[in-house]
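The values are calculated or read from the model by the stated rules, or taken from the named source; none is laboratory data. On a predicted model such as this, the values are computed, not experimentally measured, just so you know. Here the Cβ is made from the backbone with ideal geometry for all residues, glycine too, and neighbour counts use every protein chain on show.
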């Protein structure tokens, strides 16, 4: 929960008062209209606590002279950009798990800064405790219950709208995190599809359609059927449609939804295979985004496609050298069953293009090569030039880290098959780019962008900023910004 208040920092009653610090040549500098008591505490504590104001630096002190019980100092780095503010506030609220109320001193009076503070506060206040039976560790504490943003004046319409958007956005991100963190024995294709159907019923203007095994077979969705045939739990294709009146544009969002990826017959190494429950992050992201767009009432028609399957090895699993016919008629020779995401996306991309949207964006934890190229915190963006640029610009505005990547024509040679229209893998080098080239075969002439966020979708290390361990929810902010840009 988050709200705006006119209360002064020295008078607000809370468990913690959060103040942002900027790194300065003479030491950390408090940002915003802080009372003298806070400035004195920062000055006195700087040397003792070795404060620098660096990003992710959080210190908690007794609130001497304040009505708040404690003072939390959180670093925003050298420059207070919207993303550094978002991250600083998120780090602070994440550290306050188990408490009831915190108040945040705004660094300045800009609406964009207020929005960043609100987003950071809500994104940092997250915990996933579904499977915790014991409440005896920090990980099991409930997130900070309430955050007050200290405006110092009566809120304007723009300020209220910024906070309302932050709440919708954070809810969407948390939905993705929850889905990614859910154990695969509980979240399988049919379960995901039913959850999506239920979620759509709760949001005005969104309609859901689910294709099950029989419908997929009748429709010729060979990619989904091929990937899912090794599992006892069959594949699904979920279509969610938000169609506002007088829509200014139409956008299709396509998400890879492999609820667990063992690699199939081309079995993955055991190390870190548990993280493959996150291979449905793309589907979760597009689901959450279309729901958020509807809640915000954006004048953009949005269709989300969730391509859901479980990739398992068994006596019925597809084999290397099998040939599939994906939706639309293209044949694909499966040379590696662990390159399965592109197969389910091919089905969904062809279906999405049939609706003739103005833009198609697919989101997928597609390749380990993306992590090799860009690390675990930066996503790769490929596609047609204008669409790729649009997504990269949206990510920059939203504060998410992406990098534009090419689709070199020479790598297409590796996708030639001896027996089919395409092979599902090419040469080892440039694997993320080859996967993008494969997908490009299924979008016709539609403006299209492909986001490979195999690394950033799941944090297997330590929490940082507003990012928890496990599902991160990365991508929702970028996609929502794309839709808002189209709305303008």
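Data table
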| quantity | calculated |
| --- | --- |
| Set 255, 222, 226: member being surrounded by 23 or more Cβ atoms within 10 Å (Cβ to Cβ), closer than 16 Å to residue 349 by Cβ and under 19 Å from the mean Cα position of the chain (by Cα) | 255 |
| Residues of region 437-451 satisfying the condition of being surrounded by fewer than 24 Cβ atoms within 10 Å (Cβ to Cβ) and either closer than 16 Å to residue 475 by Cβ or out of contact with any strand residue (DSSP E or B) (no Cβ under 9 Å at 6 or more places or on another chain) (or both) | 444, 445 |
| Enumeration of residues in region 9-26 that are touching a strand residue (DSSP E or B) at 6+ places or on another chain (Cβ under 9 Å), part of a loop (DSSP other than H, G, I, E, B) and more than 14 Å from residue 71 (Cα to Cα) | 23 |
| Residue in region 31-39 that is within 31 Å of the chain's Cα centre (by Cα), under 13 Å from residue 106 (Cα atoms) and part of a strand (DSSP E or B) present | no |
| Filter pass, residue 231 being under 25 Å from residue 443 (Cβ atoms) and touching a strand residue (DSSP E or B) at 6+ places or on another chain (Cβ under 6 Å) | no |
| Single match in 346, 380, 364, 398 (criterion: farther than 16 Å from residue 440 by Cα and at pLDDT 95 or above) | 398 |
| Residue list for region 424-436, filter: part of a loop (DSSP other than H, G, I, E, B) and surrounded by 24 or more Cβ atoms within 10 Å (Cβ to Cβ) | 424 |
| Subset of region 268-288 (residues that are outside any helix (DSSP H, G or I) and in contact with a helix residue (DSSP H, G or I) (Cβ under 9 Å, 6 or more places away or on another chain)) | 268 |
| Region 53-65: number of residues that are modelled with pLDDT of 90 or more and in a loop (DSSP other than H, G, I, E, B) | 5 |
